[in-house]
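The values are calculated or read from the model by the stated rules, or taken from the named source; none is laboratory data. These numbers were taken from a predicted model, which means no experiment stands behind them. Cβ placement follows ideal geometry from the backbone for every residue including glycine, while neighbour counts extend to all protein chains displayed.
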Amino acid sequence: MEKLEIVDEYYKYVAKIPTGLQYIADNLRADNIQTALNEILNFSEGITWIKQMEEILMEQGVNTNLNKHQLEDYLNLINEGLEKQDFVLVADIFEYEVMPYFEQIIA
């Protein structure tokens, strides 16, 4: 895969994330917990892919504006909320913290 293809794939994927985050938040609030948990798992796997692509892109001199530490903080907050089964809190984190974070990356 050449550099432009990787950059294109990365940004296409990141552009889809806010819609997915809203879907997760909506399902959590509607008590569709299993659907939301499945989507959270997909999100987590997607973040792993993003981190891998981030390393490849940085090696090629492409800055993606991804703040890994901020992302880790969000993931920790989400995990804490899930452990407490505070699904409203988790929905709020996705909608009001993680979603704007990804929207500013693609802006």
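Structure above, values below:
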| read-out | value |
| --- | --- |
| Residues located in segment 29-58, provided they are closer than 16 Å to residue 70 by Cβ and either touching an Asp or Glu at 6+ places or on another chain (Cβ under 8 Å) or of a type in the set (Phe, Trp, Tyr) (or both) | 43 |
| Matching residues, segment 1-42, being free of Cβ contacts under 8 Å to residues at least 12 places away in the same chain and among the hydroxyl-bearing types (Ser, Thr, Tyr) | 19, 35 |
| Residue check, residue 80 more than 14 Å from the chain's Cα centre (by Cα), surrounded by fewer than 17 Cβ atoms within 10 Å (Cβ to Cβ), at pLDDT 95 or above and of a type in the set (Asp, Glu) | yes |
| Pick from segment 66-107, criterion touching a helix residue (DSSP H, G or I) at 6+ places or on another chain (Cβ under 7 Å) and of a type in the set (Asp, Glu), ranking: nearest to residue 20 (Cα to Cα) | 95 |
| Filter pass, residue 13 being within 17 Å of residue 97 (Cα to Cα) and of a type outside the set (D, E, K, R) | no |
| Helices (runs of 4 or more DSSP H) completely within segment 43-107 that count 2 or more residues being in contact (Cβ under 8 Å) with a residue 40 or more places away in the chain | 87-93, 99-106 |
